[in-house]
């Protein structure tokens with residue numbers, strides 16, 4: 001025999017009609033804190049992206065000049081021993097390119113060529129170097 005009498009049975013959702021204001025405020029505070037944490041990360045990310053872009057351009061400029069130097073004959077004035085400055089400085093209005101040539105390094109009848117490109121990074125300066133060797 002079935003009993004259809006439901007008196008005295010309390011269901012779990014009888015007394016809940018929705019969220020209370022306190023619950024709503026707690027959720028809003030949690031979401032706000034999470035959102036503010038994410039917003040604080042964006043400037044750092046943009047700074048890292050800009051630094052990577054500047055380093056990539058500087059590396060490209062150093063490699064470009066190195067290829068030009070390696071294509072020259074060893075009697076060219078740009079391959080004389082000593083420090084040299086790019087006459088186009090500042091290159092692309094931001095980067096300064098320099099190179100130095102050292103004879104008999106690392107062995108006799110070899111030239112070490114180091115191209116260095118500097119660029120601003122906030123209140124400091126960063127640089128990228130590329131080194132190659134060629135027979136004298």
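Quick note: the coordinates plus some simple rules give every number you see, no bench work behind them. The structure displayed is predicted, hence computed values, not measured ones. Methodologically, a virtual Cβ is constructed for each residue, glycine included, from the backbone with ideal geometry; neighbour enumeration extends over all protein chains shown.
Can you tell me the 0 to 90 degree angle between the C-alpha axis of helix 21-70 and the longest principal axis of the chain, rounded to 10?
Approximately 10 degrees, to the nearest 10.
Report the gain in length on full extension from residue 33 to residue 53: 0.36 nm times residue separation, minus Cα-Cα distance, nm rounded to one decimal. Don't skip to the end; give the middle numbers.
On the way: separation 20, 0.36 × 20 = 7.20 nm, distance 3.14 nm.
The residue 33-residue 53 span can extend by a further 4.1 nm.
Rank by packing, highest mean first: peptides 31-37, 99-105, with packing defined as the count of other Cβ atoms within 10 Å averaged across residues.
Values: 31-37: 9.6, 99-105: 15.9.
Per-residue mean Cβ counts within 10 Å order the peptides as 99-105, 31-37.
Determine the relative contact order of the chain: mean sequence separation of Cα pairs under 8 Å and six or more apart, normalised by residue count, in whole percent. Mind showing how you got there, number by number?
Values: 147 pairs, mean separation 24.7, N = 136.
Rounded, it is 18 percent for the chain.
Output needed: percent of Cα pairs per 5 Å distance bin for the chain, bins running from 0 to the one holding the longest distance.
2, 8, 13, 11, 9, 7, 6, 5, 4, 4, 4, 4, 3, 3, 3, 3, 3, 3, 2, 2, 1, 1, 0
Given the -39500 (n - 2.57) contribution per DSSP H run of 4+ residues, what per-residue ellipticity at 222 nm results for the chain, rounded to the nearest 500 deg cm²/dmol?
Details: 1 runs with 50 residues, N = 136.
Value at 222 nm, helices only: -14000 deg cm²/dmol.
Give the order of 72, 44 when sorted by the count of other beta carbons within 10 angstrom, beginning with the fewest.
44, 72
Taking the C-alpha atoms of segment 60-136, how large are the radius of gyration and the largest Cα-Cα span, Dmax, in Å?
Cα-based Rg and Dmax for segment 60-136 come out at 12.9, 42 Å.
What's the ranking of 20-30, 80-90 by average number of surrounding C-beta atoms within 10 Å, highest first? Show your work: numbers first, answer last.
Details: 20-30: 10.0, 80-90: 11.9.
For the peptides 20-30, 80-90, the packing ranking is 80-90, 20-30.
For Cα pairs less than 8 Å apart in space and 6+ apart in sequence, what is the mean separation divided by the residue count of segment 87-127, i.e. the relative contact order in percent? Walk me through the intermediate numbers first.
Numbers: 55 pairs, mean separation 12.8, N = 41.
Answer for segment 87-127 is 31 percent.
Evaluate E = 1/(1 + (r/R0)^6) for residue 126 and residue 104, where r is the Cβ-Cβ distance and R0 equals 30 Å; express this FRET efficiency to the nearest 0.05. Walk me through the numbers on the way to the answer.
Values: r = 31 Å, r/R0 = 1.02.
Once rounded, the FRET efficiency stands at 0.45.
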